[in-house]
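Working notes for the structure below.
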Amino acid sequence: MAGRTVCITGSTQGIGLGIARAFAQAGYRIVLNSHRRDAAAEAAIAEIGALTETAFCEVDLSLSGGGEKLVAEAIGQWGHLDTLVNNAGTFADTSFGELTEAIFERTFALNVRAYLFAAQAFANAVPEGAEGRSIICVGSTNSMAAERNSVIYDTSKGAVLMLVKSLAVTLAARGIRVNGLGPGLVRTPLTEGALSNDLLRAQLSRQIPLGRIGVPDDIGGAAVFLASPEARYITGQMLFVDGGILANQLSWGLDP
């Protein structure tokens, strides 16, 4: 896909970096993003830069206007964007009785508002008659199934699912496809603390039909597919990359 460009939000670690890696291997020029240029950002820039032309935009998407600023800077790198991947997100839920408006505002600012206005800025920059443009929004299995004491995060990821559908219908006439990715449990810096517990990790793995917890590179190929010409007749869909979590019911069998 020489000459095609993609901007991936929150892409210096975790799922975002896995997506960036897959696009780079497919020949895209990459715009990486984080809210700060730290050691993780420098490592990501070096890794992805060894594979393809790479730029970095330091923009805090949780701030008002962050999505618009990022898209403007990303387009400024190479003159256009073919794909925007809305990936940056946060998980800050606590027990239901201790939730605060501050947690709500922080979560929705990054997980929903930034997605919407980055998508708006991207769509407004697409010239009439352009082809092959697409937006990908990273949701979660939590877009479809709730998790205890995850009320605000679950609600934000449910909003991403409907955002994908609404944007797909709204932007179809302009030739912009909009789809989502719904990762299941993936080992990232956000989940590493809990998954460092060997017993918990084994218990969770047993409940996943494919028998293991995901890694960021499991998600990247699906993102590249959704942006590719092979997906030209797919829009408004959330592709769940979850090892079978959402297909699974409770097992009544006893573990051997």
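We did not get these values from a lab; they are worked out from the coordinates using the rules stated. Here the structure is a predicted model, which is why all the values come from computation and not from measurement. Glycine gets a Cβ as well: all are built from the backbone with ideal geometry, and neighbour counts include every protein chain shown.
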- Task: Name the long-range amide H neighbours of V178: under 5 Å, sequence gap of 5 or more, or other chain; modelled H, no Pro or chain starts.
- Result: I135, G236
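Working out 0.36 nm times the residue gap between A50 and R148, then minus their Cα-Cα distance, what length gain in nm do you get to one decimal? Walk me through the numbers on the way to the answer.
Values: separation 98, 0.36 × 98 = 35.28 nm, distance 4.16 nm.
Stretched out fully, the A50 to R148 stretch lengthens by 31.1 nm.
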- Here the net charge surrounding G66, from other residues whose Cβ is less than 12 Å away from its Cβ (Lys, Arg +1; Asp, Glu -1), is -2
- Per-residue HN-Hα couplings for the range 129-142 [Karplus 6.51, -1.76, 1.60; θ = phi - 60°; Hz; x = Gly/Pro]: x, 5, 10, x, 7, 8, 10, 10, 10, 8, x, 5, 4, 5
- Query: What nm value, rounded to one decimal, do you get for the distance between E101 and T170 when each label is placed 7 Å out toward the C-beta?
  - Reply: 2.6
- Note on the structure: Taking 3-16, 138-151, 24-37 and ranking on average Cβ neighbours within 10 Å, highest first, one gets 3-16, 24-37, 138-151
- From the backbone phi of the range 204-211, what are the Karplus-calculated ³J(HN,Hα) couplings (6.51 cos²θ - 1.76 cosθ + 1.60, θ = phi - 60°) in whole Hz, Gly and Pro given as x? 5, 4, 5, 8, 8, x, 7, x
- From the backbone phi of the range 32-48, what are the Karplus-calculated ³J(HN,Hα) couplings (6.51 cos²θ - 1.76 cosθ + 1.60, θ = phi - 60°) in whole Hz, Gly and Pro given as x? 7, 8, 7, 7, 8, 9, 9, 4, 5, 5, 4, 5, 5, 4, 5, 5, 6
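May I ask you to compute the full-extension gain from H80 to L63, defined as 0.36 nm times their residue separation minus their alpha-carbon distance, rounded to one decimal in nm? Could the numbers behind the result be given before it?
Numbers: separation 17, 0.36 × 17 = 6.12 nm, distance 2.36 nm.
Value of the extension gain: 3.8 nm.
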- Message: So for the range 5-240, averaging the separation of alpha carbon pairs under 8 Å that are six or more residues apart and normalising by length, what relative contact order in percent results?
- Response: 22
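Which value in deg cm²/dmol, rounded to the nearest 500, describes the helix-derived mean residue ellipticity at 222 nm for the chain, given -39,500 (n - 2.57) per DSSP H run of n ≥ 4 and division by the residue count? Display every interim value, and only then the final one.
Values: 9 runs with 101 residues, N = 256.
Roughly -12000 deg cm²/dmol at 222 nm, from the helical runs in the chain.
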- Item | Estimated distance in nm for a label pair at A92 and A130, the labels positioned 7 Å out from Cα along Cα-to-Cβ | 3.2
